[in-house]
Amino acid sequence: MAQEDRYGRAVYLRKGQAVETVDGQTLTATSNEVARLNDLLIEGHQGGE
């Protein structure tokens with residue numbers, strides 16, 4: 001699991017860190033996929049508000 005910071009960069013998540021989704025659900029990080037998210041961001045798959 002990975003997450004974007006407020007500048008649109010991939011950031012590291014510690015194992016067990018809670019993340020809230022857009023629809024209000026809470027997920028717990030079980031792995032680190034920063035490299036995968038970084039590749040997706042480079043391809044233009046950016047989230048945001």
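Laboratory data are not the source of any read-out in this text; all were calculated from the coordinates shown. Here the structure is a predicted model, which means the values were calculated and not measured. Every residue, glycine among them, receives a Cβ derived from its backbone with ideal geometry; neighbour counts consider all protein chains shown.
Couplings 3J(HN,Hα) of the stretch 10-15, computed from phi: 5, 10, 6, 10, 6, 4 Hz, in residue order, whole Hz [Karplus 6.51 cos²θ - 1.76 cosθ + 1.60, θ = phi - 60°; x for Gly and Pro]. A simple spin-label model places the labels of V11 and T28 2.1 nm from each other, with each point 7 Å out along Cα-to-Cβ. Normalised size of the stretch 3-42, defined as Cα radius of gyration per 2.2 N^0.38 Å with N residues, equals 1.17.
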